[in-house]
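Here, each number is a calculation from the coordinates, and none is a lab measurement. These figures come from a predicted structure and were not determined experimentally. Heads up, the Cβs are rebuilt from the backbone with ideal geometry, glycines too, and the neighbour counts pull from every protein chain shown.
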């Protein structure tokens, strides 16, 4: 049995021989590529809340039906991780990212033309879903494989693109929708997003080959208690995680905020998550990744309890910031915790399988919340359900540091 490395441990120098210097300029170019790819794909995906009301009006649909667009999308990109993760392990990130660029451009263009909501499930769900599957899970695995020391910091910088993308794109989308409508906005996103993903692909490269390390089989890894704890906690947290991204803007509008101000709340989650990704990545490298990872879950559960009672806009701002910090740390540290537990060889495949839990959770959370909102006429039960799931996710992680992975 191989114990999970101590929380303050780093991988020894002789753990693997590499054909290129880890932490080199090329390694940091891949950090930049990942920042840009996550900026694009999550900027588009997480701005969906700003499209919620205009799409609901256009299609004459309820909260549950519209939220299913986002749920299908997130389900698609997380469930495709077991495919794109091994692909990047084998072929490198460039062809994977170029495929994502095509999917994003085609998907958003077709979405701007649909006249029936069910077609939007297909065009947006598959287009954006494939793009995120190509631009996120494979890329964090690439960054994780390029670094030994300072992996938490490097991953924090790389996935800060998610937060910056949310900060920039959500308010931008709100403004463009007011000016030009949601369909034209998606056309702009199709063009600009495709170009930026091509740039990210050109910056990326396959990580150095590690020699002398025999990878643990994927089947053995996924049957270990440590993997079970990581999978269960991510499943529960993902049920809660996407509820604010979809429903915080309409909740704010229902409590008197303008659409732009409501969209800005999602942007605040994004910028706060950047603080969490960068700051907590550095803290975790010093004080223990597993320990700090647990604290992120606790912070997210606590912040949802604030949303449960918040109606005034300033308190919604406070919620967005606190939730964003915990969320940012959670996303930044997850691949680092996985690498610490199971090693970096075949990391793309391991992370890909793990992230299917997020796909299942995201398919459950927003639609269920939408149904609760439609049935009760209030957001209270939806928020309470998200809070309970987040608290349960934190509880599942409690024994993680003492678990062992199977040899």
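Please work out whether region 172-277 counts as rounded, prolate or oblate from its C-alpha gyration tensor, where a ≥ b ≥ c are the square roots of the eigenvalues and a/c under 1.5 means rounded, while otherwise a/b larger than b/c means prolate and anything else oblate?
Oblate, because a/c is 1.5 or more while a/b does not exceed b/c.
For semi-axes √(5λ) of the Cα gyration tensor in Å, one of (i) 33, 24, 18; (ii) 52, 26, 17; (iii) 28, 25, 22 was computed from the structure I shared and the rest are decoys. Which label?
(i)
Between residue 116 and residue 298, what length comes free when the chain is fully extended (0.36 nm per residue of separation minus the Cα-Cα distance, one decimal in nm)? Don't skip to the answer; put the middle values down first.
On the way: separation 182, 0.36 × 182 = 65.52 nm, distance 4.06 nm.
61.5 nm is the gain from fully extending residue 116 to residue 298.
Compute the relative contact order of region 285-407 as a whole-number percentage, counting only Cα pairs closer than 8 Å that sit 6 or more residues apart in sequence. Present the calculation step by step, with values, prior to reporting the outcome.
Working: 86 pairs, mean separation 46.9, N = 123.
This gives 38 percent for region 285-407.
Within a 10 angstrom radius of the beta carbon, how do 292, 169 rank from fewest other beta carbons to most?
Ranking 292, 169 by Cβ neighbours within 10 Å, fewest first, gives 292, 169.
Which of the peptides 346-354, 98-106 is most tightly packed, and how do the rest follow, going by the mean number of other Cβ atoms within 10 Å of each residue?
Values: 346-354: 25.2, 98-106: 22.1.
Output ranking for 346-354, 98-106: 346-354, 98-106.
Hey, fewest Cβ within 10 Å first, where do 396, 266 land in order? It would help to have the intermediate numbers written out before the result.
Values: 396 20, 266 28.
Listing 396, 266 from fewest to most nearby Cβ atoms yields 396, 266.
Using only helices, what value at 222 nm comes out for the chain when you add -39,500 (n - 2.57) per DSSP H run of length 4 or more and divide by the total residues, to the nearest 500 deg cm²/dmol? Write out the running numbers ahead of the final one.
Numbers: 17 runs with 323 residues, N = 407.
The helix contribution divided over the chain gives -27000 deg cm²/dmol.
State, as an integer percentage, the relative contact order of the chain based on alpha-carbon contacts under 8 Å between residues 6 or more apart. Write out the running numbers ahead of the final one.
Values: 858 pairs, mean separation 126.7, N = 407.
That works out to 31 percent.
What's the extension gain from residue 217 to residue 183 if we count 0.36 nm per residue and subtract their Cα-Cα distance? Numbers along the way, then the final one.
On the way: separation 34, 0.36 × 34 = 12.24 nm, distance 4.61 nm.
Contour length minus the Cα-Cα distance gives 7.6 nm.
Helix 81-91 versus the longest principal axis of the chain: what is the Cα-based angle in degrees, 0 to 90, to the nearest 10?
50 degrees
Using Cα centres only, tell me the gap between region 86-127 and region 137-194 in whole Å.
Spelled out, the Cα-based centre of one part sits 15 Å from the other.
If packing is taken as the average count of other Cβ atoms within 10 Å, what order do 219-227, 47-55 fall into, highest mean first?
Numbers: 219-227: 16.9, 47-55: 24.3.
Ranked from most to least packed, the peptides come out as 47-55, 219-227.
Ranked highest first by the average count of other Cβ atoms within 10 Å around their residues, in what order do 259-265, 139-145 fall? Don't skip to the answer; put the middle values down first.
On the way: 259-265: 22.7, 139-145: 28.7.
Those peptides, ordered most packed to least, come out 139-145, 259-265.
Taking 0.36 nm per residue of separation and subtracting the Cα-Cα distance, what length does fully extending residue 168 through residue 255 add?
Details: separation 87, 0.36 × 87 = 31.32 nm, distance 2.35 nm.
Result: 29.0 nm gained on full extension.
Could you work out how far helix 93-111 tilts from the main Cα principal axis of the chain, as a 0 to 90 degree angle to the nearest 10?
10 degrees
Could you work out how far helix 117-135 tilts from the main Cα principal axis of the chain, as a 0 to 90 degree angle to the nearest 10?
Value to nearest ten degrees: 30.
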